[in-house]
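Worksheet for the structure shown next.
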Amino acid sequence: MKKSIFSIIVAAVALLPLQVLAQELKTSGTGAADIVPAGWESFFKTGDLNGDGIADLVLVATPCDKEKMTTREDGYVYNYNQPILAIYWGEKNGNFRLFKQYDNVIPAREDEFTSITPSLDITKKGTLKIDLEYFYTAGSWTQPTTSHVFSYRNGDFYLIGKDVTELERTTGKTVETSENYLTHKRIVTTERPKRKPVVKHTRLKKANLKPLGFNLDE
């Protein structure tokens, strides 16, 4: 008896590797290794974000779609897939359940000359810090790093502070800009080799806090 087209398709799908079949983060799990599909690049941090005394989970996971990856002659792989940021609430039973998934918060790599390295931290006060370190092999002499600070309040995460550090690799000049959206203060510190730092204080206009969800490269 000839096999039906349906049975052939089912059999073919069953032979596909796990990383092809599972292309989404799980909505719950025992940890990052359980939540993130096999083959994806990922890293995470745990800490209490909502003040309930239970550790929560924040992770950044980057898919492994081969169509969005290229390999250099020396074997180095450029991954242009869009990273995913996800926040999971910790539960009393030790599991984590998805609060929100953000598909366009962490910037994706766009070319071979610019690397963007994200990192996460959860402070003792329960604030979430997302850092982005930029490195250019062509087109720019600066090496910027940004740090966005979010706090959980009124049912969502809101941006309460932002720090930007720009280093000029040729001169050693460093400009650090720190903005606090709760106190509405901005501090700009400029440092040059063999000179005293110059610090400038200004006030920011009062505005509604911005919820997490925007691209941090903006």
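The values are calculated or read from the model by the stated rules, or taken from the named source; none is laboratory data. Because the structure is a prediction, the values reported are computed rather than measured. Neighbour counts are summed over all protein chains in view; Cβ atoms, including those assigned to glycine, are modelled from backbone coordinates with ideal geometry.
Residue-level check: of (1) of a type in the set (S, T, N, Q); (2) more than 30 Å from Leu59 (Cβ to Cβ); (3) buried (at least 17 other Cβ atoms within 10 Å of the Cβ), Ser147 misses just (2). Given region 141-218, what strands (runs of 3 or more DSSP E) lie entirely inside it while holding 3 or more residues that are modelled with pLDDT of 95 or more and farther than 28 Å from Lys124 by Cβ? Per the criteria, 198-203. Scanning region 11-37 for residues that are at pLDDT below 50, of a type outside the set (S, T, N, Q) and part of a helix (DSSP H, G or I) turns up Ala11, Ala12, Val13, Ala14, Leu18, Val20, Leu21.
Only residues that are in contact (Cβ under 8 Å) with a residue 12 or more places away in the chain and under 26 Å from Asn208 (Cβ atoms) were counted in region 177-193, giving 11. For region 38-56, the set of residues classified as out of contact with any Asp or Glu (no Cβ under 7 Å at 6 or more places or on another chain) and either within 24 Å of Asn79 (Cα to Cα) or basic (Lys, Arg) (or both) consists of Ala38, Gly39, Trp40, Glu41, Ser42, Phe43, Phe44, listed by residue number. Scanning region 109-140 for residues that are at pLDDT below 95, surrounded by 14 or more Cβ atoms within 10 Å (Cβ to Cβ) and in contact with a Phe, Trp or Tyr (Cβ under 8 Å, 6 or more places away or on another chain) yields Arg109, Thr114, Ile116, Tyr136.
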